[in-house]
1. For Leu267 and Arg315 in one chain, what is 0.36 nm times their gap in residues minus the Cα-Cα distance, to one decimal in nm?
2. Taking a cut-off of 24 Å between Cα atoms, list the lysines near Lys558, but don't count ones fewer than 8 places away on the same chain.
3. Cα to Cα, under 20 Å, and not fewer than 8 places away if on the same chain: which lysines meet these conditions relative to Lys392?
4. Work from the charge dipole of the chain (Cβ charges, +1 for Lys and Arg, -1 for Asp and Glu, about the Cα centre) and give the residue of Asn77, Pro87, Tyr575 farthest towards its positive end.
5. Take the residue pairs Lys60/Lys451; Lys88/Lys183; Lys61/Lys303; Lys60/Lys565 and return only those whose Cα atoms are more than 25 Å apart.
6. For the pair Lys88 and Asn220, what calculated FRET efficiency results from E = 1/(1 + (r/R0)^6), where r is the Cβ-Cβ distance and R0 = 45 Å, to the nearest 0.05?
7. What is the packing order of peptides 82-92, 320-330, taking the mean over residues of other C-beta atoms within 10 Å and listing the highest first?
8. Given 0.36 nm per residue, what is the gain on full extension from Ala300 to Ala237 after removing their alpha carbon distance, in nm?
Amino acid sequence: MVSPIRLPDDAPFSAEQRAWLDAFLHKALAGITMPEPVGPAVPVTVLYATQTGNAEGLAKKLFKTLAKGNFTPILANAEDYDRTLLPKEENLLVIASTYGDGEPPDSAASFHTWLLNGDAPSLDGVNFSVLALGDTSYPDFCKCGAEIDTRLAELGANRLTERVESDVDTDEPYSRWSSDVLKILAPGAAARVETADEDAAEDGFSKNRPFPATVLENRNLNGPGAKETHHIALSLAESGLEYEVGDALAVYPGNRPEVVDEIIASLPFKPSTVTLADGTETGLRDALLHHYDIGAINPAFVKKWQTRSGSPMLRSLVEADDKNSWDTFCHGRDLIDLVVDYPADFTDAEDFTAVLRKLQPRLYSIASSPLAHPGEVHLCIGIVRYESFGRKRGGICSTYFSDRIAADTKPRVYVHTSPAFRLPNDGSTPLIMVGPGTGIAPFRAFLEDRKATGATGKNWLFFGNPHSATDYLYGEELDAYLQDGTLAKLDLAWSRDQGEKVYVQHLMQRNGAELWKWFQEGAAFYVCGDASRMAKDVDDALHQLAINHGGKDEAGAKAWVEDLKKAKRYQRDVY
């Protein structure tokens with residue numbers, strides 16, 4: 001409360017007037033609270049480890065939030081972070097993603113290795129908290145974030161909050177984690193900091209407001225055979241969306257109507273409306289078609305389902321909690337299998353959808369340059385089809401494009417920036433690109449862009465697929481680039497055209513001497529495609545290249561590859 005205010009004794013008022021004014025001012029100002037001093041600004045370092053940009057985006061949002069309050073924030077990428085500062089940090093907030101088989105992001109691999117080995121210093125006096133990003137569809141969920149969290153504590157750092165793990169949808173976990181951390185770091189200042197999602201207030205199309213894009217072209221690039229790879233051209237006219245080569249396009253797919261209808265028919269209640277995350281209401285069918293994930297299941301989801309199901313089999317699976325048993329059960333099954341084969345007790349649509357995950361956008365490497373195709377964005381999508389447990393199934397988003405795109409269908413999309421996968425600023429830099437299968441996508445964009453800008457650097461592409469006759473994606477374009485000099489070299493690996501399987505890493509080995517020469521000329525090396533096998537084999541080939549043609553031992557080869565990464569001459573877009 002404010003102190004009573006009285007007029008000075010020499011004020012030119014009568015005693016009665018002075019008393020009246022004193023009472024009036026006191027009453028008028030009653031209840032007004034003066035702000036308490038917030039104290040010195042709180043130092044905070046926000047450290048992120050990112051692969052596709054999700055962790056970086058959240059880190060930047062947190063940094064902006066901190067900058068509005070009584071904090072002195074520093075934003076740092078694990079790739080560039082000065083490790084000597086770690087034991088001097090007062091408050092360290094880590095946002096770390098995991099990709100592939102529980103691996104740290106490429107940009108954080110060196111920091112991760114350093115932190116987990118015996119060289120990291122004591123961290124007594126350091127406060128920290130970790131937000132780990134992952135996907136429960138993969139076995140090593142949030143492994144990188146969990147390892148960083150555990151190791152920081154082992155080194156003596158003090159946890160501000162328990163680690164929060166985010167399963168694909170980051171909005172709620174991020175909001176909960178950041179709010180809890182702010183309350184601990186500066187209780188008096190935290191109330192003054194706006195922690196709402198800033199993206200929601202931004203103009204333009206984004207994850208929370210995707211753009212309905214018109215489909216301009218949708219064709220199969222493969223010849224007759226088992227494989228289907230669709231070239232998709234979408235219009236971005238009047239969207240205001242812009243992208244750079246190397247970026248990804250996020251697409252919200254629609255689920256298969258026949259599967260949705262079978263699910264609804266098998267549920268133990270009559271369909272009704274449900275309330276979506278944004279507060280709007282819609283019918284259960286629309287919700288399952290466009291807003292909830294009805295695809296592959298994972299152990300975390302089955303555990304939630306089992307609490308509603310009377311199935312002895314599910315109960316024994318959950319109680320055993322055996323990795324091999326989980327893999328066997330979940331592989332090839334979707335939500336429909338649980339609904340039909342292991343019925344659960346739900347009271348209504350709201351009760352049912354409460355256990356489901358939100359349908360997440362799928363990210364596809366953009367296969368076009370905006371300079372070559374103004375107002376358009378192109379994708380190269382491999383169509384996934386398979387049969388399991390007596391049902392024909394397919395990738396939700398890939399079959400959305402191949403089977404469910406009608407003339408008036410407008411896929412909902414937004415641009416997902418990929419700052420860690422970029423062309424060199426210097427157009428004279430030679431490029432070596434390795435992109436088998438749909439991994440060709442960003443390199444089609446790179447080549448279009450290099451030609452449009454008149455870049456003088458040489459370009460070398462390694463591409464592979466099963467058969468040359470049917471699987472030479474964008475073959476006419478690549479051959480034309482070879483003819484006009486845009487491509488200096490094109491090496492093609494057809495794995496099934498001969499008795500011995502030939503992959504892109506084998507062609508790298510055959511061309512080792514010339515590859516090493518390109519690297520000595522300053523070439524940048526790019527890889528796109530499968531993370532679990534191809535990318536690892538290519539990385540092994542790169543290390544072997546340094547040994548066989550650079551005269552290095554294993555330690556020297558490892559150091560050479562690390563130097564390439566630090567110089568941003570080795571970049572990967574892997575999944």
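1. Values: separation 48, 0.36 × 48 = 17.28 nm, distance 2.03 nm.
Full extension of this stretch gives 15.3 nm more.
2. The reachable lysines, counting only those whose Cα sits under 24 Å from Lys558, are Lys143, Lys517, Lys536, Lys566, Lys568.
3. Within the straight-line cut-off, Lys392 pairs with Lys227.
4. Projecting each Cα onto the dipole axis, the largest value belongs to Tyr575.
5. Working: Lys60/Lys451 34 Å; Lys88/Lys183 22 Å; Lys61/Lys303 33 Å; Lys60/Lys565 23 Å.
Lys60/Lys451; Lys61/Lys303, as the Cα separations exceed 25 Å there.
6. On the way: r = 57 Å, r/R0 = 1.28.
For Asn220 and Lys88, the calculated efficiency is 0.20.
7. Working: 82-92: 15.5, 320-330: 12.6.
Ranked from most to least packed, the peptides come out as 82-92, 320-330.
8. Contour length minus Cα-Cα distance gives 18.6 nm.
The values are calculated or read from the model by the stated rules, or taken from the named source; none is laboratory data. The structure presented is a predicted model; accordingly, all values stated were derived computationally and were not measured. Positions of Cβ are generated from backbone atoms using ideal geometry, with glycine treated the same way; all protein chains shown enter the neighbour counts. Side chains included, ligands, DNA and RNA excluded: accessible areas come from the protein's heavy atoms. Shrake-Rupley method; radii C 1.70, N 1.55, O 1.52, S 1.80 Å.
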